[in-house]
Amino acid sequence: MNAAAPIDLATIQLDYEGFRALAQDTRLSAHEKIGFPPAYREGFDDAILADIVGKLPMLVEAERQTVIDIGPGCATLPRRLIDLCRDRGHTLVLVDSPEMLALLPDAPGVTRKCAGLFPHNTTEVAGSAGALADALLCYSVLHYIHLDASSLDFIDATASLLAPGGRALIGDIPNLSKRRRFFATERGQAFHRAFTGSNEPYDVAQDAPAPGRIDDAVLASLIARAQAAGCDAYLMPQGPALPMANRRDDLLIVRP
């Protein structure tokens, strides 16, 4: 790649192939390789991990669990998860493109890497895990999978991988409906002014179509799909310390 060319994440198609290209771009920071400007993630790892552990308590309350991370990327959060799993004796299956997985450390006896696009490689993921998952994490990834695969197939595959009592956290989902509601308020407008430094009103179209985006209706359908697969499912807020909690949701799926 041309080392002098500027990087504009807003112009890159952030799908599976796009992230494969980002992973190989040596000009980018680890957070840019996973599609985030550094200001959106740097310094938030402790808060994000604490929020994840609160919803997947078996990560710290049990030992020798089977854990699957769908789309971990290559920044600091998966490294923190690797360390946690090493400390608790868990088996951690990391599922991502080969280019992204190559940027994560190998931890013998802890990590197993499974390359490919989930849920198309569900059989391979199950084989790598060697057991049903006690905890499955897919953090800030569903909206990208949504571009490459059926979200309903994703839920079906996720449910099929869960052990009895197992939990799946589909976290940090951009919810267009929640975003529209927030920025339609004075609090949302004040947030926008503080974030951008602009005094211009932020005009948010409330009823405009948004093909390919996840909204309340999509999330409701995913909850219903998980329930149809024999699981309980809940839409949950993020902790207020997280960087985009005012416009993102978490989906928790629990196998009874």
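The values are calculated or read from the model by the stated rules, or taken from the named source; none is laboratory data. As the structure is a prediction and not an experimental result, all values here were calculated from the model. Methodologically, a virtual Cβ is constructed for each residue, glycine included, from the backbone with ideal geometry; neighbour enumeration extends over all protein chains shown.
Just give me the residues in the range 109-148 being modelled with pLDDT under 95, of a type in the set (A, V, I, L, M, F, W, C) and surrounded by 17 or more Cβ atoms within 10 Å (Cβ to Cβ), in sequence order. Answer for the range 109-148, where residues must be modelled with pLDDT under 95, of a type in the set (A, V, I, L, M, F, W, C) and surrounded by 17 or more Cβ atoms within 10 Å (Cβ to Cβ): just ILE145. Cβ separations smaller than 9 Å between residues 6+ apart or across chains give the following pairs from the range 192-208 residues that are within 13 Å of ARG181 (Cα to Cα) and free of Cβ contacts under 8 Å to residues at least 40 places away in the same chain to residues that are assigned to a loop (DSSP other than H, G, I, E, B) and of a type in the set (Gly, Ala, Ser): VAL204/ALA184; GLN206/ALA184. Screening the range 23-34 for residues that are under 16 Å from ARG80 (Cβ atoms) and hydrophobic (A, V, I, L, M, F, W, C) and picking the one that is surrounded by the fewest Cβ atoms within 10 Å (Cβ to Cβ) gives ALA30. The residues of the range 35-94 that are on the phi > 0 side of the Ramachandran plot and surrounded by fewer than 16 Cβ atoms within 10 Å (Cβ to Cβ), listed by number, are GLY43, ARG64, GLY89.
The number of residues in the range 149-182 that are under 19 Å from PRO211 (Cβ atoms), of a type in the set (Gly, Ala, Ser) and surrounded by fewer than 18 Cβ atoms within 10 Å (Cβ to Cβ) comes to 2. Tallying residues that are within 17 Å of the chain's Cα centre (by Cα) and assigned to a helix (DSSP H, G or I) within the range 126-155 yields 12. Considering the range 33-120, the qualifying helices (runs of 4 or more DSSP H), each wholly inside and each with 2 or more residues that are under 17 Å from the mean Cα position of the chain (by Cα) and in the same structural domain as LEU136 (by TED's automatic domain parsing), run over 45-55, 76-88, 98-101. Return the residue satisfying two criteria in turn: it lies in the range 211-237 and is more than 16 Å from LEU152 (Cβ to Cβ) and at pLDDT 95 or above, and of such residues it is farthest from the chain's Cα centre (by Cα). Taking the candidates together, the pick is ASP232. The set of residues from the range 59-83 being more than 22 Å from LEU142 (Cβ to Cβ) and free of Cβ contacts under 8 Å to residues at least 60 places away in the same chain comprises VAL60, GLU61, GLU63, ARG64, ASP83.
Among residues of the range 190-239 being among the aromatic types (Phe, Trp, Tyr) and outside any strand (DSSP E or B), the one that is farthest from ASP172 (Cα to Cα) is TYR202.
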